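Worksheet: the structure to be examined is printed underneath.
The values are calculated or read from the model by the stated rules, or taken from the named source; none is laboratory data. Fair warning: this is a prediction, and the values are worked out from it, not measured in the lab. Positions of Cβ are generated from backbone atoms using ideal geometry, with glycine treated the same way; all protein chains shown enter the neighbour counts.
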Amino acid sequence: MGHPRKARKKYDTPSHPWNADRIKQENKLTQKYGLKNKKEIWKAETMVKRYRRDARELLGMSSEDNAQERQQLLGRLIRYGILPETAKLEDVLDLTVEDVLRRRLQTVVHKKGLAYTAKEARVFVVHGHIAMNNKKVNSPSYLVRKGEEEQVGYYPGSAVIKLKIPENPKKEKPKKERPKRDSYRGRGRRKRR
């Protein structure tokens, strides 16, 4: 059973830890979505595996027995925006990890242009600068539902509002000019006289 205060793992680790192709793929996803570590990718993979497993089981049974369960699975995936409204149960088998990662709050904040980069979006969420319907949400892995995308914005009174982030997030951050120094800038030790 397990202790009620100790939560179970929400992810499965890879079967072989040192697979070069998998590591490269995970590094690309980590970079693209600004993730903290590989554990977040594994959580998304586990979610996709469970959805696929449930879909395979439901497809294997007769449709009269499990019509309600089919609707529940499809309804959940459509509500979260992982699948389109016209999706069928067979479309669940084509899900990828990126479909789940696109629905995270961190990614939605970056796509809406509230942050320059995905990592900066993560910092804004964790530090409490992002709100949904004027309520703070400080979990970057929060899955944003379909209708909630418009409600994502800055928390009222947040210091980030004063930064005036431009409308187009594709532009680079303005670089600060460094003052020129007159001092010796050579490398290594100074010569003694």
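Remarks
- Residue match in segment 106-116 (condition: assigned by TED's automatic domain parsing to the domain that holds Ile130 and among the aromatic types (Phe, Trp, Tyr)): yes
- Boolean, Thr46 is hydroxyl-bearing (Ser, Thr, Tyr), within 25 Å of Met132 (Cα to Cα) and either part of a helix (DSSP H, G or I) or touching a Pro at 6+ places or on another chain (Cβ under 8 Å) (or both): no
- Qualifying residue in segment 93-105 (condition: touching a residue at least 12 places away in the same chain (Cβ under 8 Å), in contact with a Lys or Arg (Cβ under 6 Å, 6 or more places away or on another chain) and not in a helix (DSSP H, G or I)): no
- For segment 46-59, the set of residues classified as surrounded by fewer than 17 Cβ atoms within 10 Å (Cβ to Cβ) and within 11 Å of Thr96 (Cβ to Cβ) consists of Arg52 only.
- Segment 113-159: number of residues that are more than 17 Å from the chain's Cα centre (by Cα) and touching a residue at least 40 places away in the same chain (Cβ under 8 Å): 1
- Picking from residues in segment 52-88 that are in a loop (DSSP other than H, G, I, E, B), among the small types (Gly, Ala, Ser) and on the phi < 0 side of the Ramachandran plot, the one that is farthest from the chain's Cα centre (by Cα) is Ser62.
- First in segment 19-46 and farther than 16 Å from Tyr142 by Cβ, second anywhere and of a type in the set (Lys, Arg) and at pLDDT below 95, Cβ under 6 Å, 6 or more apart: none
- Restricted to segment 108-157, and to residues there that are part of a strand (DSSP E or B) and in contact with a Gly (Cβ under 9 Å, 6 or more places away or on another chain), the residue that is surrounded by the most Cβ atoms within 10 Å (Cβ to Cβ) is Ile130.
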